[in-house]
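Sending over a structure as structure tokens; questions will come in a sec.
All of the numbers you see were taken from the coordinates with simple rules; none came from a lab. Owing to the predicted nature of the structure, the values given are computational and were not obtained by experimental measurement. Reconstructed Cβ throughout: ideal geometry from the backbone, glycine too, with neighbour counts over all protein chains shown.
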Amino acid sequence: MVDVRGERFVELYASESREHIELLTRSLLRMERGEPGVEEAFRAAHTVKGLAAAMSHDIVADIAHRLEDRLSAVRDSSAEVTTALIDELLDAADRLGQAIRDALAGAPAPVAPPAASLEPPAASPAIQVAVPEGAVWEMVVRISAEAALPAARAALIRKSTGDRPGVRGMWPGPGEPVDREVRVYLDDQADRNAIEQAVRACGDVEDVHVRVAGTAVSRVARRAHDPVASPQTSATVRVDRSRLDELAEGIAELSVLYARAAQSGESLAGNRAAGLLAALQRSVLDMRMVPVSTAFERFPRLVRDTARIAGREVDFELGGGDIELDQAVLDALIDPLIHLLRNAVDHGIEPAESRIASGKPRRGVLRLEATRERNSVRIRVSDDGAGVSRERVARRALELKLLAPDGPEPTDEEVFRLMFQPGFSTADEVSELSGRGVGLDVVGARVRGLGGAIEMTTKEGAGTTFTLRVPITLALTHALRIRLGEEEYGLPITHVAEVATLDERATADGAVRIRGESIPLVDLGRVLGCGGGPPTAVIIAGFGERRIALGVDRVLGHEQILVKAFDAPARMLPVFSGATLLPDGRPALLIDPLSVL
């Protein structure tokens, strides 16, 4: 007899269930806006019930059945669609997803069957920790769920940070149980960047956030209001059958060519073999590509719940959902987009009364869109809210000693950099959404880790736009090979505008002049400590209005490279985005040109 709970069926069940719960959520949101959606929601709940019954997940099937009953009442017009009903059904969808995850993880079923009500269980109390005297910042470290010994990782973090200047304490203490969360308490004099690098160097660290010390957070409450706060990245990718056929045929033909070459003693490096390898490479990369809509469609629920909590009225618009990105890139972008969307609702869009008083429509508009640009994708998050107050940013920066009291008014570029400092927040008080000093620094670090860049434009009273530019794939990219002293490096061309000889372009004030424009010059060899003398060539890189000229000893050429993940050792300059192998087999580090900015 075939075991329907075998590994293949479990993976298929998890994938199918996740897709139908996402469809259920989207349909409920359409129903709330007065659009048709009840039939689609009913079918999604019915399908999940059937899948769960086939897997003998009785609790999941029971919750789905109750959802079915409520949706049937709406379909028969015996129940009115109200905000309260949609709240109840969305919470039930969350509970259904959690029940599936619990069943897949082997969690024991409850002794009693679930109650008739679809209301989710009450949130657990917030985590309260005594803050050491003198602590100003709280560095929250999440240990990876894959870490076999979280207590050992916590002990390693304690050892790596305990004797550093500015560290006031750590929770949990020695001998206390560790639930994959560690908090390091810092005073104003602590070097937060250096301490974060030391923490990440301990390994198995999923995330690091810096916030104001003493903030209590309930993980369950956060999940209830933010269904994608900890997104489940898919272990599977759906592939068009024609692409599989192309791959199978290419491998078969390559095998025949290899056999013939072996019999005749000839080399396999012929034109036909090279063409086949290139075609197979393209096929495999195409299989990793997915429409950005697979991630974007999660966000209407996030925006809706955030707006309810913040007391805002928001119309959320999506664009460019058919643009394709590598699944790994898209998964890595989910957290940054969550931060930007929540900030736009809470910090950007004003309450309805304030908007009416300033002559704006009652409802704010938040838009998320993607567009294709050569070898990259541009993602914009824009709102028509209040914009960023330069005065508030400057005042907060003075409080945190990030600006000199008697210095000039910060420029737009300085305001941008200040807002991306770890722990920086202009919120007047800590709430469920704001004031923890968490967000933009995380966004910047994640986007730079992808080899991308982020730009902010804002106009007070008119709104703010964040523009993310990321590579289409992390596997292969086009790069310049450069020489600095005796070393060779790769420099991805995603943000490279042009290459020029230095000769007479250099100016006396440490810049280069390109077609009448003065661009700051940075000697990359001096930065990395490996230059062989004055640079002879410059690489012009930038994003938006920000541009920089990188001086190098020599540009060796341009080629397509295979990118490998790179974990930088502690205290290493944060300018490397990955590693690759040169044609002769030697390893080379990849330099992120915008890290110098």
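Got a sec to turn the phi values of the range 136-146 into Karplus ³J(HN,Hα) couplings, 6.51 cos²θ - 1.76 cosθ + 1.60 with θ = phi - 60°, whole Hz, x for Gly and Pro?
Ordered by residue, 3J(HN,Hα) equals 10, 10, 10, 8, 9, 10, 9, 7, 4, 5, 7 Hz.
On alpha-carbon atoms, Rg over Rh for the range 7-104 using Kirkwood Rh? Working shown, then result.
On the way: Rg = 13.0 Å, Rh = 13.3 Å.
Here Rg/Rh amounts to 0.98.
Quick one: if you stick a label point 7 Å off each Cα along the C-beta vector at Ala462 and Asp187, how many nm between them?
4.6 nm
Per residue of the range 150-157, in order, report the coupling 6.51 cos²θ - 1.76 cosθ + 1.60 (Karplus, θ = phi - 60°) as ³J(HN,Hα) in whole Hz, putting x for Gly and Pro.
Rounded to whole hertz, the list is x, 5, 5, 5, 4, 5, 5, 5.
May I ask you to compute the full-extension gain from Glu391 to Arg43, defined as 0.36 nm times their residue separation minus their alpha-carbon distance, rounded to one decimal in nm?
Roughly 120.1 nm would be gained on extension.
Also: Mind checking which of Ser78, Leu51, Leu90 is farthest towards the positive end of the range 7-104's charge dipole, using Cβ charges of +1 (Lys, Arg) and -1 (Asp, Glu) about the Cα centre?
Leu51
Taking 7 Å along the Cα-to-C-beta vector as the label spot, tell me the Arg308-Thr536 distance in nanometres, rounded to one decimal.
Each label point is offset 7 Å from its Cα along the Cβ direction, giving 6.6 nm.
Just to check I understand the Karplus step: with θ = phi - 60° and J = 6.51 cos²θ - 1.76 cosθ + 1.60, what whole-Hz values come out for the range 327-332, glycine and proline as x?
For the range 327-332, the Karplus-derived couplings read 3, 5, 5, 5, 4, 5 Hz, x marking Gly and Pro.
Still on this structure, please answer the following. Amide H of Thr477 versus every other amide H placed in the peptide plane: which residues, excluding those fewer than 5 positions away on the same chain, fall under 5 Å?
Placed amide hydrogens put Ile561, Val563 under 5 Å from Thr477.
For a test of the definition: using alpha carbon positions, the gyration tensor, and the 1.5 limit on a/c, classify the range 291-471 as rounded, prolate or oblate. Present the calculation step by step, with values, prior to reporting the outcome.
Details: a/c = 1.81, a/b = 1.22, b/c = 1.49.
Taking the square roots of the gyration eigenvalues as a ≥ b ≥ c, the range 291-471 is oblate.
Working out 0.36 nm times the residue gap between Leu277 and Lys159, then minus their Cα-Cα distance, what length gain in nm do you get to one decimal?
37.6 nm
How far apart, in nanometres, would the label points at Glu409 and Gln560 be if each is projected 7 angstrom from Cα along the Cα-to-Cβ direction?
The answer from the label model is 5.1 nm.
Scan around Leu484 for amide H atoms under 5 Å from its own, H built in the peptide plane at 1.01 Å from N, and keep only partners 5 or more places away or cross-chain.
Tyr489
Between Ala357 and Arg142, what length comes free when the chain is fully extended (0.36 nm per residue of separation minus the Cα-Cα distance, one decimal in nm)? Could you put the intermediate results ahead of the total?
Values: separation 215, 0.36 × 215 = 77.40 nm, distance 4.30 nm.
This chain segment gains 73.1 nm when fully extended.
A further question follows. I need the calculated FRET efficiency for the pair Asp76 and Ala53, taking r as the beta carbon distance and R₀ as 30 Å, to the nearest 0.05.
Working: r = 24 Å, r/R0 = 0.79.
The calculated FRET efficiency here is 0.80.
I would also like to ask the following. Let me check against my output: what whole-number percent is the relative contact order of the range 291-471, with C-alpha pairs under 8 Å and at least 6 apart?
About 24 percent, as a whole number.
Would you mind checking which residues have amide H under 5 Å from Asp207's amide H? H placed 1.01 Å from N; only 5 or more apart, or other chain.
Arg142
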